[in-house]
Amino acid sequence: MAEVAENIKVSLIIPCYNGAETIANNLPDFLTYLNTKHYQYEVIIVDDGSEHPEKTEKVTEKLQCKFVGL
């Protein structure tokens, strides 16, 4: 069964608007889950014009995810 999990590739794309705190509070749980499954994954946070996108970007970098600002 582990062989199947190693072949799974997951892209988690999270849109957010003024959501730095929500991402900081919840994304670590998603990352923990993905790490326990040994999936190949990427996490992309898409900030859609937040008032302070730098806050979202800082959280994203801390969690080693990709950040896209629109």
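Observations, loosely collected:
- Across segment 10-20, the qualifying residues are those that are modelled with pLDDT of 90 or more and part of a strand (DSSP E or B), and the one among them that is farthest from Gly49 (Cα to Cα) is Ser11.
- Matching option when the condition is more than 14 Å from the chain's Cα centre (by Cα) and without any contact (Cβ under 8 Å) to a residue 60 or more places away in the chain, among Lys37, Lys62, Lys58, Lys66: Lys37
- Val10 being on the phi < 0 side of the Ramachandran plot, surrounded by 13 or more Cβ atoms within 10 Å (Cβ to Cβ) and of a type in the set (A, V, I, L, M): no
- Segment 42-51, subset modelled with pLDDT of 90 or more and surrounded by 11 or more Cβ atoms within 10 Å (Cβ to Cβ), residue farthest from the chain's Cα centre (by Cα): Ser50
- Test: residue in segment 26-40 that is outside any helix (DSSP H, G or I) and either at pLDDT 90 or above or open to solvent by 90 Å² or more (accessible area, probe 1.4 Å) (or both): yes
- Some residue of segment 55-69 being among the hydroxyl-bearing types (Ser, Thr, Tyr), modelled with pLDDT of 90 or more and surrounded by 12 or more Cβ atoms within 10 Å (Cβ to Cβ): yes
The values are calculated or read from the model by the stated rules, or taken from the named source; none is laboratory data. What you see is a predicted model; the values in this text were computed from it and never measured. Counting neighbours? That spans all protein chains shown, and the Cβs are built from the backbone with ideal geometry, glycine included. SASA here: full protein model, heavy atoms, side chains in, ligands and nucleic acids out. Shrake-Rupley method; radii C 1.70, N 1.55, O 1.52, S 1.80 Å.
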